[in-house]
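Chemist: The structure is given below, and queries will be raised subsequently.
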Amino acid sequence: MTGKIYVVTGANKGIGYAIVRGLGQKLSGDIIYLAARNISLGEEALKKVKSELDGKLNSDIRFHQLDITDESSCKNFAEYIKKEHGGLDILINNAGFAFNMDATEPCDQQADVTIGINYYGTKLVTSILLPLIRSGGRIVNVCSKAGIMKDLYSDSWTQRFMNDVYTESDIDNFVETYKKLAKEDASGKGHKRKEGGFIESAYRVSKAAEIAYSVYLARILKDRKIIVNGCCPGFVDTDMSSHKGTLTIDQGADTPIYLATDPNVSNGGFYFERKIKEWL
Ligand SMILES: NC(=O)c1ccc[n+]([C@@H]2O[C@H](COP(=O)([O-])OP(=O)(O)OC[C@H]3O[C@@H](n4cnc5c(N)ncnc54)[C@H](OP(=O)(O)O)[C@@H]3O)[C@@H](O)[C@H]2O)c1
C-alpha cells in the first residue's frame, strides 16, 4: 500500500482513459482520479473502466469534474483534493485538443482555441494544483513530437529555450507572438507567421510551448523534489487522430505511465518511447 493520489486530466476517452486503466492494473493501494470536463462522459468512463478491470483492480478509481481552461472548475477540484486527501502526488496533464486537418476555422481562431487549451489550460490546472503536490511527486505532461522545434523555427526562437534561465513569460511571449501573427495572416496580410520564424500549425506551437513549460517546471520544482517530464505518446488511434493513429491507446499510455511510476526516470526531459528525445 503506497496510498498515493494520481490525477489524470482528459481521461474520459483516448490516451487519458488508457492511462487510468493502465495505472489501475499496475498500482496497488492508490487512488486514481479519472478527471473529465463533462460529468456524464466522465461517469460513463468510470463505470466502463471499473467493469473492464473487474477483479484486477487493487487501487481505487474515482471520477471528478475538471475543465482545465475553467479557473473555478480547477479551484473546485483543488479544494476537494485538499479536503479529501490533504494533497496529491502525481499529476498527468493529458487533456488536449486539435482541430481536424480539414477544419475551416480561420487560423487566428484555431490559434486561440488550441493554445488556450494545450498551453494555457495545462498551465492553469498545474498552477492551481501545484501547491498541493507533495515532495517526491511528479508531473507528466502529455505533449507531442509535433512540439519538436529543431530545424522548424528561426534560431532566435529555438535559442530562447536553450538556456536554463527562461521563464514562463518567455513561453507566453512565444505563443502570444504566434497568435498575433496568426491574426495578421487571417486578415490576409501574407505569411507573417513564417516571416516571424514560426511554422504554421497552431497545434505544433501549442505543443512546443507545453514542452518548454515542462522543462521550465522541472527546473523550478527541483528544490521541492517534484519530477516533471514531457512526453509524446506516439501516433495513437483516438478521436484526435481521426482514428488514423497506428498505436493502440494502451501503447500510447505506456510512456506517460512509465514517467508517472518508474523509479529511475530523470527530470526535465522530453520522452518518446521511454527515452529522452532532443526537441531543440
Ligand atoms: N492521438 C495522438 O496520436 C496523439 C499524438 C501526440 C500527442 N497526443 C496528445 O495526447 C493527449 C490525449 O489525446 P487523445 O489522442 O487521447 O485525444 P482525444 O481522444 O481527443 O481526448 C482528448 C481528451 O482531452 C479532453 N479535453 C479537451 N479539452 C479539455 C479541457 N478544456 N478540460 C478537460 N479536458 C479536456 C477531452 O474531453 P472531451 O471528451 O470532453 O472533449 C478528451 O477527454 C493530448 O494532449 C494530445 O495532444 C495525441
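The values are calculated or read from the model by the stated rules, or taken from the named source; none is laboratory data. As the structure is a prediction and not an experimental result, all values here were calculated from the model. Every residue, glycine as well, gets a Cβ built from its backbone with ideal geometry; the counts of neighbours run over all protein chains shown. Side chains are part of the model used for accessible areas, which takes the heavy atoms of the whole protein and leaves out ligands, DNA and RNA. Shrake-Rupley method; radii C 1.70, N 1.55, O 1.52, S 1.80 Å.
Chemist: Roll a 1.4 Å probe over the protein chains and send me the accessible area per residue for the chain in Å².
Modeler: Per-residue value: 46 Å².
Chemist: Using 0.36 nm per residue of separation minus the Cα-Cα distance, give me the extension gain between residue 262 and residue 277 in nm, one decimal.
Modeler: Here the segment from residue 262 to residue 277 would lengthen by 3.6 nm.
Chemist: Okay, moving on. Hey, what does the equivalent ellipsoid look like for segment 11-145, semi-axes from the Cα gyration tensor as sqrt of 5 times each eigenvalue, largest first, whole Å?
Modeler: Values: eigenvalues 137, 71, 35 Å².
Semi-axes, largest first: 26, 19, 13 Å.
Chemist: Which pairs, out of 56/225; 56/123; 13/75; 4/225; 83/207, put more than 26 Å between their alpha-carbon atoms?
Modeler: From 56/225; 56/123; 13/75; 4/225; 83/207, over 26 Å: 56/225; 56/123; 83/207.
Chemist: When the Cα centres of segment 216-242 and segment 155-175 are compared, how far apart do they sit, in Å?
Modeler: 18 Å
Chemist: Could you run the Karplus curve 6.51 cos²θ - 1.76 cosθ + 1.60 with θ = phi - 60° over segment 38-45 and give me ³J(HN,Hα) per residue in whole Hz, x for Gly and Pro?
Modeler: 9, 4, 5, 5, x, 5, 4, 5
Chemist: About the Cα centre, and with charges only on the beta carbon of Lys, Arg (+1) and Asp, Glu (-1), how big is the dipole of segment 127-242? Nearest 20 debye, please.
Modeler: For segment 127-242, the charge dipole is close to 240 debye.
Chemist: Between the DSSP loop rule and a limit of at most 13 other Cβ atoms within 10 Å, which trypsin sites (Lys or Arg not before Pro) in segment 224-280 are left?
Modeler: Sites meeting the loop and neighbour criteria: 225, 244, 274.
Chemist: Can you work out ³J(HN,Hα) from phi for every residue in segment 222-233, in order, using Karplus 6.51 cos²θ - 1.76 cosθ + 1.60 and θ = phi - 60°, giving whole Hz and x for Gly and Pro?
Modeler: Values, residue by residue: 4, 5, 8, 6, 10, 8, 10, 9, x, 7, 10, x Hz.
Chemist: Kirkwood Rh and Cα-based Rg: tell me the resulting Rg over Rh for the chain, rounded to two decimals.
Modeler: 0.96
Chemist: Please compute the contact order of the chain in relative form: average sequence separation of alpha-carbon pairs under 8 Å and at least six residues apart, divided by the residue count, as a percent.
Modeler: For the chain, the relative contact order is 20 percent.
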